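Notes follow the structure.
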Amino acid sequence: MLRFINLLVYIIFGTLVSNAQSISFSSEMVIGNRSTTYQHFIEYSFNDKWSINNVSLFDTEHVNDKNNIFFIRNMLSHGLNKNFKANAAFGIKNPGAFATLNSQYQYNTTNFKLSYIVGSTFQNGFTLEQTLSTNFTPNLTQKTKAYINLFAVVNTDLKQLDRGIQQLRVGVKKQQLIMGGAFNFDQFTKANKTLENYGIFAKYNF
């Protein structure tokens, strides 16, 4: 049932934003050895300074629902200058609701993007949260590019790991469509619980 809802969300949002200049939308499906994952990123820009975005992820196991992962975050961003932003966010993730205040550094070129976010998140207590995202798309041919994307999140109370996420994507990009290999790693509560998922992914940027 959850996989059907994920597909429905993909179709609805894709239809809504495909012709909207002020909205950007990307969605991704991963079919792996442990689970199937759907995630999307939607951003709406009010002007050059203010924007809102939504990130949603649903990870459902093939065999049972014991280790399902969910993450929904809504964020308000204010651009301070070309490279820096201030963000405020709230949402829900394993194991419940959370709120975040952070600052963000961005560096973008034609074929390379880097984002580093640091701030404080409250979810059953305060943690220091750091997020690193890098995207490298060197040209392969006139119409295709290689695609290497690394995404990592670390939540810590400065004594122990509270939550960790690492996602690696390696593939080929042709216009808006990207396909390739996917590698997901998740750690929970002092890394006593770890989950891994390896498979293939398809991503489309509307």
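The values are calculated or read from the model by the stated rules, or taken from the named source; none is laboratory data. Computed from a predicted model, the values in this text were never measured in an experiment. Ideal geometry is used to build each Cβ from the backbone, glycine not excepted, and the neighbour counts take in all protein chains shown. Keep in mind that these areas ignore ligands, DNA and RNA; they rest on the heavy atoms of the full protein, side chains included. Shrake-Rupley method; radii C 1.70, N 1.55, O 1.52, S 1.80 Å.
Structural remarks
- Think of segment 157-205 as a dipole: +1 on every Lys or Arg Cβ, -1 on every Asp or Glu Cβ, centred on the Cα centre; then among Asn197, Leu161, Val172, Val172 lies furthest on the positive end.
- Surrounding net charge for Gln175, when Lys and Arg each add one and Asp and Glu each subtract one, Cβ distance under 11 Å: +4
- The chain, accessible area per residue, ligands and nucleic acids excluded (1.4 Å, Å²): 58
- Here Lys49 is the anchor, and the lysines within straight C-alpha reach of less than 19 Å, apart from those fewer than 8 places off in the same chain, are Lys82, Lys85.
- Apportionment of accessible area to carbon and sulfur, segment 22-205, percent (1.4 Å): 61
- Test item: Cα-centred dipole of segment 22-205, Lys/Arg +1 and Asp/Glu -1 on Cβ, debye: 440
- The charge dipole of segment 97-206, taken about its Cα centre with unit charges on the Cβ atoms of Lys, Arg (+1), Asp and Glu (-1) only, comes to about 480 debye.
- R0 of 30 Å, Cβ-Cβ distance Ser24-Glu196: FRET efficiency to nearest 0.05: 0.50
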